[in-house]
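> Once you've had a glance at the structure underneath, I'll fire off some questions.
The values are calculated or read from the model by the stated rules, or taken from the named source; none is laboratory data. Given the structure is predicted, the values throughout are model-derived calculations rather than measurements. Positions of Cβ are backbone-derived with ideal geometry, glycine not excepted, and every protein chain shown enters the neighbour counts. Just the protein is used for accessible areas: all its heavy atoms, side chains included, with ligands, DNA and RNA removed. Shrake-Rupley method; radii C 1.70, N 1.55, O 1.52, S 1.80 Å.
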Amino acid sequence: MNLQELINYFRKGGSYKDFCQEQSLDQTSEAIEVYMEQPLELNNNLAFFEIETTEGSLEFVKDGIRYYSLFGFPYFLNVLKEIRDHQELSDKDVAELLFDHVISKE
(Lines give C-alpha, C1' and ligand atoms only; values in the text may rest on other atoms or scores of the structure.)
Protein backbone atom coordinates (compact mmCIF):
# COMPACT_ATOMS: atom_id res chain seq x y z
CA MET A 1 0.00 0.00 0.00
CA ASN A 2 1.34 3.44 -0.88
CA LEU A 3 0.33 6.84 0.50
CA GLN A 4 -2.32 7.48 -2.15
CA GLU A 5 -3.93 4.10 -1.45
CA LEU A 6 -3.89 4.76 2.30
CA ILE A 7 -5.61 8.10 1.76
CA ASN A 8 -8.17 6.47 -0.52
CA TYR A 9 -8.93 3.80 2.06
CA PHE A 10 -9.90 6.36 4.68
CA ARG A 11 -11.57 8.83 2.34
CA LYS A 12 -13.84 6.00 1.15
CA GLY A 13 -15.01 5.45 4.72
CA GLY A 14 -12.53 2.91 6.07
CA SER A 15 -12.27 2.94 9.85
CA TYR A 16 -9.16 2.95 12.01
CA LYS A 17 -10.39 -0.16 13.82
CA ASP A 18 -10.89 -2.08 10.57
CA PHE A 19 -7.55 -0.88 9.23
CA CYS A 20 -5.73 -2.09 12.34
CA GLN A 21 -7.45 -5.49 12.06
CA GLU A 22 -6.61 -5.81 8.35
CA GLN A 23 -2.96 -4.89 8.98
CA SER A 24 -2.68 -7.08 12.13
CA LEU A 25 -1.90 -4.03 14.25
CA ASP A 26 -2.62 -3.71 17.95
CA GLN A 27 -5.29 -1.03 18.05
CA THR A 28 -4.60 -0.54 21.77
CA SER A 29 -0.97 0.38 21.08
CA GLU A 30 0.18 3.70 22.47
CA ALA A 31 0.67 4.79 18.84
CA ILE A 32 0.66 3.34 15.35
CA GLU A 33 3.28 4.91 13.11
CA VAL A 34 3.42 5.17 9.33
CA TYR A 35 6.78 4.37 7.75
CA MET A 36 7.88 4.45 4.11
CA GLU A 37 10.42 2.26 2.37
CA GLN A 38 13.64 4.10 1.64
CA PRO A 39 14.64 5.92 -0.44
CA LEU A 40 11.68 8.23 0.14
CA GLU A 41 9.63 8.47 -3.04
CA LEU A 42 5.93 9.30 -3.29
CA ASN A 43 4.79 5.91 -4.54
CA ASN A 44 6.96 3.74 -2.29
CA ASN A 45 5.31 1.16 -0.08
CA LEU A 46 4.25 2.05 3.42
CA ALA A 47 4.57 -0.07 6.53
CA PHE A 48 2.73 0.33 9.80
CA PHE A 49 4.25 -0.43 13.17
CA GLU A 50 3.31 -0.08 16.79
CA ILE A 51 5.55 2.41 18.58
CA GLU A 52 6.42 -0.34 21.04
CA THR A 53 8.11 -2.15 18.12
CA THR A 54 10.02 0.80 16.68
CA GLU A 55 10.61 2.59 19.99
CA GLY A 56 9.90 5.81 18.09
CA SER A 57 12.94 5.49 15.82
CA LEU A 58 13.09 7.66 12.72
CA GLU A 59 14.59 4.75 10.81
CA PHE A 60 13.60 1.14 11.30
CA VAL A 61 14.75 -2.03 9.56
CA LYS A 62 12.51 -5.07 9.27
CA ASP A 63 13.18 -8.14 7.13
CA GLY A 64 16.13 -6.35 5.54
CA ILE A 65 14.00 -3.40 4.38
CA ARG A 66 14.90 0.07 5.64
CA TYR A 67 11.93 2.28 6.55
CA TYR A 68 11.68 5.93 7.47
CA SER A 69 9.05 7.33 9.84
CA LEU A 70 6.63 9.71 8.15
CA PHE A 71 4.09 10.40 10.89
CA GLY A 72 1.87 8.89 13.52
CA PHE A 73 -1.66 7.82 12.70
CA PRO A 74 -3.35 10.56 14.77
CA TYR A 75 -1.59 13.18 12.63
CA PHE A 76 -2.64 11.42 9.43
CA LEU A 77 -6.27 11.10 10.50
CA ASN A 78 -6.31 14.74 11.56
CA VAL A 79 -5.05 15.82 8.13
CA LEU A 80 -7.85 13.85 6.47
CA LYS A 81 -10.36 15.45 8.82
CA GLU A 82 -9.04 18.92 7.95
CA ILE A 83 -9.35 18.36 4.18
CA ARG A 84 -12.75 16.67 4.37
CA ASP A 85 -14.44 19.70 2.78
CA HIS A 86 -11.96 19.85 -0.10
CA GLN A 87 -13.38 17.14 -2.32
CA GLU A 88 -11.81 18.86 -5.33
CA LEU A 89 -8.50 17.42 -4.15
CA SER A 90 -7.91 13.95 -5.52
CA ASP A 91 -6.29 11.25 -3.40
CA LYS A 92 -3.15 11.78 -5.48
CA ASP A 93 -3.23 15.54 -4.76
CA VAL A 94 -3.55 14.91 -1.04
CA ALA A 95 -0.75 12.32 -1.14
CA GLU A 96 1.56 14.77 -2.91
CA LEU A 97 0.75 17.61 -0.50
CA LEU A 98 1.20 15.42 2.57
CA PHE A 99 4.40 13.85 1.26
CA ASP A 100 5.88 17.24 0.34
CA HIS A 101 4.96 18.62 3.76
CA VAL A 102 6.55 15.70 5.60
CA ILE A 103 9.70 15.73 3.45
CA SER A 104 10.12 19.50 3.73
CA LYS A 105 10.37 19.12 7.52
CA GLU A 106 13.58 17.12 7.04
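> Rolling a 1.4 Å sphere over the protein heavy atoms, what is the accessible area per residue of the range 15-94, to the nearest Å²?
Computed with neighbouring chains in place, this is 61 Å² per residue.
> From the C-alpha gyration tensor of the chain, pull out the three semi-axes of the equivalent ellipsoid (sqrt of 5λ each), sorted largest to smallest, in whole Å.
Here the semi-axes work out to 21, 17, 12 Å.
> Let me ask something else. Explain nothing, just compute: Karplus ³J(HN,Hα) = 6.51 cos²θ - 1.76 cosθ + 1.60, θ = phi - 60°, for every residue of the range 38-47 in order, whole Hz, x for Gly and Pro.
Values, residue by residue: 8, x, 5, 9, 3, 9, 5, 5, 9, 9 Hz.
> Now, a different point. As a test question: what accessible area, to the nearest 10 Å², does TYR9 have when a 1.4 Å probe is rolled over all protein chains in place?
Number for this one is 50 Å².
> Would you be so kind as to identify all helices of the chain, as entire DSSP H runs, whose Cα atoms reach 18 Å or more along the helix's own axis and whose mean Kyte-Doolittle hydropathy is at least -0.5? The partial results should precede the final answer.
Values: long enough: 91-104 (19 Å, 0.23).
In the chain, the long hydrophobic H runs are 91-104.
> Run the dipole for the chain about the Cα centre, Lys and Arg Cβ at +1, Asp and Glu Cβ at -1, nothing else charged, and hand back the magnitude in debye, nearest 20.
Here the size comes out at about 220 debye.
> How many Å³ per residue does the convex hull of the Cα positions in the range 23-80 occupy?
So the per-residue hull volume is 92 Å³.
> When the accessible area of the chain is split by element with a 1.4 Å probe, what percent falls to carbon and sulfur?
Summing carbon and sulfur atoms, their accessible area is 45 percent of the total for the chain.
> Let me ask something else about it. Rounded to the nearest 0.05, what FRET efficiency do ASP18 and ASP93 have when you use their Cβ-Cβ distance and R0 = 25 Å?
That gives a FRET efficiency of 0.55.
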